[in-house]
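So that we are looking at the same thing, I have put the structure below in structure tokens.
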Amino acid sequence: MAAVLVAFHRAHAEMSAWAENEGGRMRLVALPADAGGKIRAALQIEPKPGWITYWKEPGGNGIPPQVTIAPGSGVTLDAMGYPVPKHFFNGAIEDIAYDAPVTLPLSLSAAGKAPVKIDAAAFIGICRDICIPFQANFQLKLGPAIQSRPQEEAILQAADATLPKPPSTDFAVTDHAMSPDMKVLSLTLVFPGEAKNVPDIIVTGPSGYAFTKQIGGGRDGVTFKTDISIGKLPQNYDIHGKRWGVLVIDGNKAMETTLAFE
């Protein structure tokens, strides 16, 4: 692996300068805090052609994106969003990743009064034949909220539009059950239309585990039933009371929800 690139990129308006490495570049974008101290922000990542960067559960060998806010800065990271990824297969290696520019929405909170300063470190994997850890530090000083910021607002709005939708009455997981030996997860789903293609389903269990292999599966009108093969889990893993995630990609539509195991 190549050495980690560490750089500091200070504010230019509410966008940092680009941090660059062999496989691509990234930067931080933010809007000023609202009256309640909430900050909309995003990490923009642009892999070079032929390179990929990873989703939150990257598959077999990838590095999930991480954003860390400096302790004591008065700013905290509440949530990070992940646009719909793609599946890549190279022999037995499976990657869940992005091969084009992607923007990860960030929800931040600021304590106290303005001015607000974001001091963040971003760490991602960016890969082609090899995987290169890519790290950069960003510092943004946010201006007053009364000023219009059309470029930043457009970037954040476009990022939100790439996120999978929450479940709805016509696109949802309607039933799920884990086999007693925890080898098979059975899913029943409803779709907004009688498509003929098999959907891409990504189940995320404990941190670091993703399951995508479907066993059988078939549609009956708008209903689809399938079994997901559950591979190796942590030793002595107890699923009771846990919540797993599931992302369903059906053509140009995607839905993400959670599965509760009582």
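The values are calculated or read from the model by the stated rules, or taken from the named source; none is laboratory data. Since we're looking at a predicted model, the values are computed, not measured. All Cβ positions, glycine included, derive from the backbone under ideal geometry; neighbour counts span all protein chains shown. We work out accessible area using only protein heavy atoms, side chains counted, and drop any ligands, DNA or RNA first. Shrake-Rupley method; radii C 1.70, N 1.55, O 1.52, S 1.80 Å.
Which is modelled with pLDDT of 95 or more and farther than 24 Å from Gly24 by Cβ, of Pro166, Pro150, Pro192? If you could, list the steps in order and put the result at the bottom.
On the way: Pro150 fails: modelled with pLDDT of 95 or more; Pro192 fails: modelled with pLDDT of 95 or more.
The conditions single out Pro166.
Mind checking whether some residue in the range 67-81 is closer than 19 Å to Ala97 by Cβ, acidic (Asp, Glu) and assigned by the TED database to the domain that holds Glu152? Before you say what the answer is, go through the steps one by one.
The first filter runs over the range 67-81 and keeps only residues closer than 19 Å to Ala97 by Cβ, leaving 67, 80-81.
Going one step further and asking which of them are acidic (Asp, Glu), we end up with none.
Checking the range 67-81: not a single residue is closer than 19 Å to Ala97 by Cβ, acidic (Asp, Glu) and assigned by the TED database to the domain that holds Glu152.
Considering only residues that are surrounded by 19 or more Cβ atoms within 10 Å (Cβ to Cβ) and in a strand (DSSP E or B), look in the range 224-243 and name the one that is farthest from the chain's Cα centre (by Cα). Spell out the reasoning first.
Residues of the range 224-243 that are surrounded by 19 or more Cβ atoms within 10 Å (Cβ to Cβ), as a first pass: 224, 228, 230.
If we keep only those that are in a strand (DSSP E or B) too, we end up with 224, 228.
Numbers: Phe224: 25, Ile228: 21 Å.
Of everything passing the filter in the range 224-243, Phe224 is farthest from the chain's Cα centre (by Cα).
So for the range 143-150 (the condition being under 20 Å from the mean Cα position of the chain (by Cα) and free of Cβ contacts under 8 Å to residues at least 12 places away in the same chain), does at least one residue qualify? Step through it out loud before you land on a result.
Keep residues of the range 143-150 that are under 20 Å from the mean Cα position of the chain (by Cα), which gives none.
So far as the range 143-150 goes, no, none of its residues is under 20 Å from the mean Cα position of the chain (by Cα) and free of Cβ contacts under 8 Å to residues at least 12 places away in the same chain.
While we're on this one: Does Gly24 count as among the small types (Gly, Ala, Ser), at positive phi and free of Cβ contacts under 8 Å to residues at least 12 places away in the same chain? Give the derivation first.
Values: among the small types (Gly, Ala, Ser): yes; at positive phi: yes; free of Cβ contacts under 8 Å to residues at least 12 places away in the same chain: no.
No, not satisfied.
What are the residues in the range 173-200 that are open to solvent by less than 50 Å² (accessible area, probe 1.4 Å) and either polar (S, T, N, Q) or touching a Leu at 6+ places or on another chain (Cβ under 7 Å) (or both), if any?
Listed by number, the residues that qualify are Val173, Met178, Ser179, Met182, Ser186, Thr188.
Now, a different point. State all residues of the range 82-108 that are open to solvent by less than 20 Å² (accessible area, probe 1.4 Å) and over 26 Å from Val198 (Cβ atoms); if no residue qualifies, say none. Walk me through how you get there before you give the answer.
Of the range 82-108, the ones open to solvent by less than 20 Å² (accessible area, probe 1.4 Å) are 83, 85, 96-98, 102, 104-106, 108.
Of everything in the range 82-108, those that are open to solvent by less than 20 Å² (accessible area, probe 1.4 Å) and over 26 Å from Val198 (Cβ atoms) turn out to be Leu104, Pro105, Leu106, Leu108.
Here is a further query. Return the total of residues in the range 21-48 being among the acidic types (Asp, Glu), within 16 Å of Asp99 (Cα to Cα) and more than 18 Å from the chain's Cα centre (by Cα). Can you show your working first?
Just the residues of the range 21-48 that are among the acidic types (Asp, Glu), to begin with: 22, 34, 46.
Applying the additional criterion that residues be within 16 Å of Asp99 (Cα to Cα) yields 22, 46.
Next cut, more than 18 Å from the chain's Cα centre (by Cα) only: 22.
Adding up the residues that qualify gives 1.
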